[in-house]
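*Asks:* Handing you this structure, nothing more for now.
The values are calculated or read from the model by the stated rules, or taken from the named source; none is laboratory data. Because the structure is a prediction, the values reported are computed rather than measured. With ideal geometry, Cβ positions are generated from the backbone for all residues, glycine too; neighbour counts draw on all protein chains shown.
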Amino acid sequence: MKRIVHKHPLAIRWFHWINFPVLFVMIWSGLLIYWAYDPYKIQIGDYTLISFFPDGFYKALNVPRRLAEGMAWHWVFMWLFILNGILYVGYTFISGEWRHLVPDRNSFREAIQVTLYDFGLRKTQPPFIKYNGAQKIAYFLIMLMGIGSVLTGFAIYKPTQLSWLTTLLGGYEAARLEHFVLTVGYVLFFFIHVWQVIRAGWQNFQSMVTGFEVLKPNDPDRPLMGKPTDNQPVEPSEPIDAPVQTVNPSIRPTLS
Amino acid sequence: MSQPTEPQLPKDEIPESLVRRRMIKSFGWFALAAAVPVGVYEWITHSVGAQGIKRPFRKVLEANEQVARTYFSDNHLVRTFPVEQATKKARINGYDGLKSPIPEDWKLQIDRKDNQPLMLTVDDVKALPKHEIVYEFKCIEGWSQVQHWGGARLSDFLEKYKLGTRSGNAPNPDNTNDLFNYVGMETPDKGYYVGIDMESALHPQTLLAYELNGQPLNAPHGAPLRLIIPVKYGVKNLKRIGRIFFADEKPRDFWAERGYDYYVGL
């Protein structure tokens, strides 16, 4: 017998994997559009630190002179992005899944500990149930960013019909910059996310496909079991769930 | 503040064989589902073209237009700015339709169904009430610029000369059945041409412009008369209007033929 933990509901897995190609199309077509007027850069004094984007970057990705094509992709797939996002947020609310996602007052302290652990400056990572504090903050933020992208997107798309929205976001030019910055945020998120998924290993990754993880009784990196309490000493060598298994393997832990 | 307690994740004990079977099943579905975006991409890129872009895109852009037209309103006005904020040097971004000199015998020609074409001068347009607008001109490329234009409302013009209707009466926004669906415009050399839906043409901020920053238009800006239509991207703001006509079918449109959205309503 294997002990498994049901980690990701089916709906969440669908939303996640639908979002992946859709967001990719939005970012890529956004780049085709951005190319036609690409003024953004990060400058310190007169020194340009980063230019969005150098010609070589465009050429390597075959971006130039595809504005019309980019707009077509963007204005078609935006509907899928919005629909998938609404369903995702709606589902997390109705199912109660939001309890795993919305950061609480402990999340920020926990996120610092997780970060220290990630950089090898701390031996243990704090216990968590589904997502650690850093994950909660990241996943909640990315959801807010999605809403931000839709709002700033519509502010650029219909600046006259929705002029209240464009004005609220600081005007047409500001909304375009905000839309761009959010996109840079997604790209940064993507790289960190993939790096973390690789680090977390196969069990974690496959759970985004299968929904469940097989629990190893002696895995210090996944303190999933038991209710984490602040005063509980975190002992990496001692599995938190061990007593349940050793006393009577057939007893299911109660779900709180 | 009390915190909602995060529930534990549900756990199960299942035979190893079942674990394996579930994994295989999930990954099988995953691989199958991964074929969907590949199929969609192949389907789109192998579709026949429709005016510069693939047909599925054109269809959705047309559906987007229908959505946008449900909330288009004459009461939704483009934001205006104090005249001091207007740029002194308005950007010139294209010469299509302007590659020959302005015809010396230039007249604005307006085609009418049962009549001779109407031939008008700039003075005829200037006889109408003058309106000025300082607004953010928006190019489809992404840049925008606060510009100051002056001219007559296109809606006033259509009313004065009883144009744009099947009946030959002045357009009445309450009697949309009498209105043609589209206004078409082109330059004298027919090198540039646009089609505009009638609602946008009748929008109170749509102007037949003859002034920029209080001065008569120069040739690169569209002298002697051009369209300023703030509810559209710059591509619809035809310079040096030679001919205006009305139609129920979409008039040909220079940039729509090159793959851009036809409506481009802002």
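*Asks:* Which members of the range B:1-32 meet the condition of being of a type in the set (A, V, I, L, M, F, W, C), facing chain A (nearest Cβ under 9 Å) and farther than 30 Å from residue A:73 by Cβ?
*Replies:* Selection gives B:1, B:9, B:14, B:18, B:19, B:23.
*Asks:* Just checking, which of A:172, A:157, A:117 is farther than 30 Å from residue B:79 by Cα and either within 12 Å of chain B (Cβ to nearest Cβ) or not polar (S, T, N, Q) (or both)?
*Replies:* A:117 is the lone residue from the list that is farther than 30 Å from residue B:79 by Cα and either within 12 Å of chain B (Cβ to nearest Cβ) or not polar (S, T, N, Q) (or both).
*Asks:* Given the options B:118, B:158, name the one that is of a type in the set (A, V, I, L, M) and either free of Cβ contacts under 8 Å to residues at least 12 places away in the same chain or buried (at least 17 other Cβ atoms within 10 Å of the Cβ) (or both).
*Replies:* Being of a type in the set (A, V, I, L, M) and either free of Cβ contacts under 8 Å to residues at least 12 places away in the same chain or buried (at least 17 other Cβ atoms within 10 Å of the Cβ) (or both) holds for just one of B:118, B:158, which is B:158.
*Asks:* Return the pairs, sorted by first residue and then second, in which the second residue is crowded, with 18+ Cβ neighbours inside 10 Å, the first residue lies in the range A:144-171 and is of a type in the set (Gly, Ala, Ser), the beta carbons are less than 6 Å apart, and the residues are 6+ apart or on different chains.
*Replies:* Partner pairs satisfying both residue conditions: A:146/A:85; A:148/A:182; A:149/A:182; A:153/A:179; A:155/A:166; A:155/A:169; A:155/A:175.
*Asks:* While we're looking at this one, here's another question. When you go through B:104, B:141 one by one, which is the residue that is acidic (Asp, Glu) and more than 20 Å from the chain's Cα centre (by Cα)?
*Replies:* B:104
*Asks:* Are there any pairs, at least 6 apart or on different chains, whose C-beta atoms fall under 8 Å, with the first in the range A:28-49 and in contact (Cβ under 8 Å) with a residue 60 or more places away in the chain and the second part of a loop (DSSP other than H, G, I, E, B), and if so, which?
*Replies:* Once the first residue is in contact (Cβ under 8 Å) with a residue 60 or more places away in the chain and sits in the range A:28-49, its partners that are part of a loop (DSSP other than H, G, I, E, B) give A:34/A:52; A:34/B:142; A:40/A:52.
*Asks:* Could you list, in sequence order, the residues of the range B:33-76 that are within 7 Å of chain A (Cβ to nearest Cβ) and outside any helix (DSSP H, G or I)?
*Replies:* B:52, B:53, B:72, B:76
*Asks:* OK, next. All but one of (1) outside any strand (DSSP E or B); (2) in contact with a Pro (Cβ under 9 Å, 6 or more places away or on another chain); (3) at pLDDT 95 or above hold for residue B:184, so report the exception by its number.
*Replies:* (1)
*Asks:* In the range A:113-130, which residues are over 24 Å from residue B:7 (Cβ atoms) and either of a type in the set (A, V, I, L, M, F, W, C) or touching a His at 6+ places or on another chain (Cβ under 8 Å) (or both)?
*Replies:* Selection gives A:116, A:119, A:121.
*Asks:* Continuing with this model, one more query. Could you tell me how many of the residues in the range B:153-194 are farther than 15 Å from residue B:244 by Cα and among the small types (Gly, Ala, Ser)?
*Replies:* Residues meeting the conditions: 3.
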